[in-house]
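Quick notes on the structure that follows.
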């Protein structure tokens, strides 16, 4: 596979990535060659625009890593834009149910599985034949990071076209009212994360988690 990070994950091996937030393509040039399996350009919390995101994706490829991105929100235009600019993976925040997961699939996958529009213009750095291999190579992950999302994890993971779940542990505790200053809150947090991972693995999907 061209997407070596996704290949490792599909084989059950851990893939370790770095996240870049500063909006600086120079920072990406420094980080990309350090040996990470992928580098995520964080468009949700980071200071990235369309043009700088595309330049970042190119620098990641040139550095020998796989370019991925976190989109600002679950939006057809925003998801397609990141993929058109050259990202080989998109992580979609705040996905709480199967319908929202289906919206992400519709935005990220070409027909017949989805409704992504043709016209990718920033993907030449990956080589020829993009339309033929994009469906297999692109990683689509949904973030489960609320009490509602955790409750619906099995339904979310059953959606065709979703490759995996990425757990947002900070928002999960906040949106679920877990007090991590107490042992009870930490235990509940740990159990909930384990339940989400189990739902992901039972569906044959790839589990992941943010750390830092």
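The values are calculated or read from the model by the stated rules, or taken from the named source; none is laboratory data. Predicted model only: the values in this text are computed from it and were never measured. Here the Cβ is made from the backbone with ideal geometry for all residues, glycine too, and neighbour counts use every protein chain on show.
In this entry, residue 155 passes the filter for residues that are at pLDDT 95 or above and either part of a helix (DSSP H, G or I) or more than 16 Å from residue 6 (Cβ to Cβ) (or both). When the stretch 7-16 is filtered for residues that are touching a helix residue (DSSP H, G or I) at 6+ places or on another chain (Cβ under 9 Å) and surrounded by 18 or more Cβ atoms within 10 Å (Cβ to Cβ), only 15 remains.
Restricted to the stretch 100-135, and to residues there that are part of a helix (DSSP H, G or I) and out of contact with any helix residue (DSSP H, G or I) (no Cβ under 9 Å at 6 or more places or on another chain), the residue that is surrounded by the most Cβ atoms within 10 Å (Cβ to Cβ) is 105.
What about residue 79, is it under 18 Å from residue 50 (Cβ atoms), in contact (Cβ under 8 Å) with a residue 24 or more places away in the chain and more than 19 Å from the chain's Cα centre (by Cα)? Against the criterion (under 18 Å from residue 50 (Cβ atoms), in contact (Cβ under 8 Å) with a residue 24 or more places away in the chain and more than 19 Å from the chain's Cα centre (by Cα)), residue 79 does not qualify. The set of residues in the stretch 174-212 being more than 18 Å from residue 142 (Cβ to Cβ) and buried (at least 17 other Cβ atoms within 10 Å of the Cβ) consists of 178, 188, 189. Residues in the stretch 76-94 that are closer than 21 Å to residue 146 by Cα, part of a loop (DSSP other than H, G, I, E, B) and in contact with a helix residue (DSSP H, G or I) (Cβ under 8 Å, 6 or more places away or on another chain): 94 alone. Among the residues of the stretch 28-46, those that are part of a loop (DSSP other than H, G, I, E, B) and farther than 18 Å from residue 3 by Cβ comprise 43, 44, 45, 46. Only one of (1) in contact with a strand residue (DSSP E or B) (Cβ under 8 Å, 6 or more places away or on another chain); (2) under 26 Å from residue 52 (Cβ atoms); (3) modelled with pLDDT under 95 fails for residue 130. Which number is that? Unmet for residue 130, out of (1) in contact with a strand residue (DSSP E or B) (Cβ under 8 Å, 6 or more places away or on another chain); (2) under 26 Å from residue 52 (Cβ atoms); (3) modelled with pLDDT under 95: (1). Residues of the stretch 161-210 that are more than 21 Å from residue 98 (Cα to Cα) and either in contact with a strand residue (DSSP E or B) (Cβ under 6 Å, 6 or more places away or on another chain) or touching a residue at least 40 places away in the same chain (Cβ under 8 Å) (or both): 170, 210. Of all residues in the stretch 1-27, exactly one satisfies the criterion of being in contact (Cβ under 8 Å) with a residue 12 or more places away in the chain, in a helix (DSSP H, G or I) and over 18 Å from the mean Cα position of the chain (by Cα), namely 25.
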